[in-house]
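Trainee: Take a look at this one; I'll ask things after.
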Amino acid sequence: MRWLSYFILAYLTLGLQIGLSDYLTIGSARPDLVLLAVIFIAINAPHDAALLGCLGLGIMQDLTTQNTLGLFALSYGLVAMFVVSTQQVVYRAHPLTHFSLALFGMLLTSLVLLLHAWIRGPERLSPMLMFYSALYTAVLAPILLGPLQRARRAFAFQPPRRKVRV
Amino acid sequence: MLLSFLSGFIISPRISSRAQASVQNIFSPVARPVGAIAHWTHDRFSHDAVRDLGSPGATRTSAELIVENNRLRIRLASIQGQLERLRERDAEREKLGDVRDLCSPFNVIGADSGPRDSLMLGATSFDHVAEAMPVLYPGGIAGRVWRAGIGGVQVMLVTDSQSKLTASFARFTKSPDGTPEFKPLAADAILVQGTGNKKMTAQISQRMAGEIGVRLEDWVVLSDRDWPTALQGYRVGRVTQVTPARSPGFVIIRIEPDSDLMRLREVMVMNK
């Protein structure tokens, strides 16, 4: 994977999340644009690069939020582990794939954040609000990931190497 | 991943937050222009009316506003004169007076990238901004500085679920000669907590609510010794709902700030 393209994507995504997230709010549900970048990287990049890249996105988001350091890194790492395992069985460019992976990813992230709020606190998060945010992010996924999939050449994702048995 | 789990769930936030470098300003070149465009678009197409605090139900005419404005100016001049005389008599050196003189304005880069209620400012610790400094906006108190570093400043808003302060109720009433009068409703302060949804709540007994006579649009003003003296009585929000709580004999009072704090473009930090 071309890391310069990755960092540009991370920078733009986080900048958009910081600048736009509240204006994109519907009711109180806020989309997670960074998660969409995580899905994009995880669904296309080779295993190790995907995990590292998604973890990096999580760490960068942890540095720009009030939440405890490590929560988004853990969440996106778990999301990446799942998405990478589905690379061979899904149509990467299909909108339904984007929707379902984004919904699952956001639900998993919400679960981690809710668990942390419940166990460690002191912040309180609303489960219903997190669910609506997950739905909202999932609806945005086909709209944003579709064009991004067409730009995957810029990332030079390499296919996984086949093991040659002699 | 293991380190992330340890940092998120095991290690105390007091330790891990030290490693949480303030890097918000790095994303400023993208976040600020994008936010400005979104703000312009919102203002252009939304129909948010300006609220008349003196008459929330129906906006008053220009003539009525001019008359009230003139009365307030005269009253302000009178109060300032009295204050000067009191200051001269008072031997203690406490910070009183116009709060603006104690603040520095800073631009807002954007909102929290996660689900929390916080703002990122275009300021650094080199701008004499430090943790726990109060942050104000034209409508009252916005919050407190949560984190200040060489890469940026993060503000925890009063509506964040981790925010707690004590406040009291007050109301503007009209005296017989028509002059608006600021009247505190009770001496006892109540605990106001953010709910994380751009709102705050306070829970008090029904008896206390009846004694105070809390009504919609009543002001909620700061009454907290952990905050600077100059901000005591400063506006936190307004009452928007009073509903019975699940616990019998109690009511929940919902409080909202005057503006959407997450969409502020500029704030003032009390750093002097």
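The values are calculated or read from the model by the stated rules, or taken from the named source; none is laboratory data. Keep in mind the model is a prediction, meaning the values are calculated, not measured. With ideal geometry, Cβ positions are generated from the backbone for all residues, glycine too; neighbour counts draw on all protein chains shown. Side chains are part of the model used for accessible areas, which takes the heavy atoms of the whole protein and leaves out ligands, DNA and RNA. Shrake-Rupley method; radii C 1.70, N 1.55, O 1.52, S 1.80 Å.
Trainee: Which one is farthest from the other protein chains (Cβ to nearest Cβ), of the residues in the range B:241-264 that are among the charged types (D, E, K, R) and within 19 Å of B:Asp160 (Cβ to Cβ)?
Mentor: The extreme case among them is B:Asp258.
Trainee: Go through the range B:109-134 and report how many residues are surrounded by 18 or more Cβ atoms within 10 Å (Cβ to Cβ), more than 9 Å from chain A (Cβ to nearest Cβ) and either out of contact with any helix residue (DSSP H, G or I) (no Cβ under 8 Å at 6 or more places or on another chain) or part of a strand (DSSP E or B) (or both).
Mentor: 6
Trainee: Take A:Ile59 and tell me if it is under 30 Å from B:Thr159 (Cα atoms), away from chain B (no Cβ under 11 Å), touching a helix residue (DSSP H, G or I) at 6+ places or on another chain (Cβ under 7 Å) and at pLDDT below 95.
Mentor: When the stated conditions are applied, A:Ile59 does not pass them.
Trainee: So, of the residues in the range B:135-157 that are farther than 19 Å from B:Arg14 by Cβ and not in a strand (DSSP E or B), which turns out to be farthest from the other protein chains (Cβ to nearest Cβ)?
Mentor: B:Pro138
Trainee: Inspect the range A:126-142 for any residue being touching a residue at least 40 places away in the same chain (Cβ under 8 Å), open to solvent by 80 Å² or more (accessible area, probe 1.4 Å), within 13 Å of chain B (Cβ to nearest Cβ) and not hydrophobic (A, V, I, L, M, F, W, C) and give the result as yes or no.
Mentor: Yes: the range A:126-142 contains one or more residues that are touching a residue at least 40 places away in the same chain (Cβ under 8 Å), open to solvent by 80 Å² or more (accessible area, probe 1.4 Å), within 13 Å of chain B (Cβ to nearest Cβ) and not hydrophobic (A, V, I, L, M, F, W, C).
Trainee: Can A:Thr109 be described as open to solvent by 10 Å² or more (accessible area, probe 1.4 Å) and touching a helix residue (DSSP H, G or I) at 6+ places or on another chain (Cβ under 9 Å)?
Mentor: So A:Thr109 fails the test.
Trainee: Look at B:Ala49 and say whether it is modelled with pLDDT under 70 and not acidic (Asp, Glu). Before you say what the answer is, go through the steps one by one.
Mentor: Details: modelled with pLDDT under 70: yes; not acidic (Asp, Glu): yes.
Yes.
Trainee: Within the range A:1-35, can you find the residues that are open to solvent by 10 Å² or more (accessible area, probe 1.4 Å), of a type in the set (A, V, I, L, M) and part of a helix (DSSP H, G or I)?
Mentor: Matches in the range A:1-35: A:Leu4, A:Ile8, A:Leu9, A:Leu12, A:Leu16, A:Leu20, A:Leu33.
Trainee: Still on this structure, I have one more. Any idea which of (1) in a helix (DSSP H, G or I); (2) of a type in the set (Gly, Ala, Ser); (3) surrounded by fewer than 19 Cβ atoms within 10 Å (Cβ to Cβ) is the one A:Gly121 doesn't satisfy?
Mentor: Checking A:Gly121 against (1) in a helix (DSSP H, G or I); (2) of a type in the set (Gly, Ala, Ser); (3) surrounded by fewer than 19 Cβ atoms within 10 Å (Cβ to Cβ), the one that fails is (1).
Trainee: Which condition number in (1) in a helix (DSSP H, G or I); (2) facing chain B (nearest Cβ under 9 Å) is the one that A:Asn67 fails?
Mentor: Against the list (1) in a helix (DSSP H, G or I); (2) facing chain B (nearest Cβ under 9 Å), A:Asn67 comes up short only on (1).
Trainee: Turning to a different aspect of this structure: For the list (1) free of Cβ contacts under 8 Å to residues at least 60 places away in the same chain; (2) under 28 Å from B:Gly152 (Cβ atoms), I need the number of the one condition that A:Asp48 fails.
Mentor: In the conditions (1) free of Cβ contacts under 8 Å to residues at least 60 places away in the same chain; (2) under 28 Å from B:Gly152 (Cβ atoms), A:Asp48 misses (2) alone.
Trainee: I need a count of the residues in the range B:157-183 that are open to solvent by 50 Å² or more (accessible area, probe 1.4 Å), in contact (Cβ under 8 Å) with a residue 24 or more places away in the chain and either more than 30 Å from B:Asp112 (Cβ to Cβ) or over 14 Å from the mean Cα position of the chain (by Cα) (or both).
Mentor: 1
Trainee: Also, I was wondering about something else. Output the residues belonging to the range B:220-253 that are of a type in the set (Phe, Trp, Tyr), at pLDDT 90 or above and within 15 Å of the chain's Cα centre (by Cα).
Mentor: Filtering the range B:220-253 down to residues of a type in the set (Phe, Trp, Tyr) leaves B:227, B:234, B:250.
Filter once more, keeping what is at pLDDT 90 or above: B:227, B:250.
The one that is of a type in the set (Phe, Trp, Tyr), at pLDDT 90 or above and within 15 Å of the chain's Cα centre (by Cα): B:Trp227.
Trainee: Then there is this: In this structure, is A:Tyr91 away from chain B (no Cβ under 13 Å), among the aromatic types (Phe, Trp, Tyr), outside any helix (DSSP H, G or I) and at negative phi?
Mentor: Yes.
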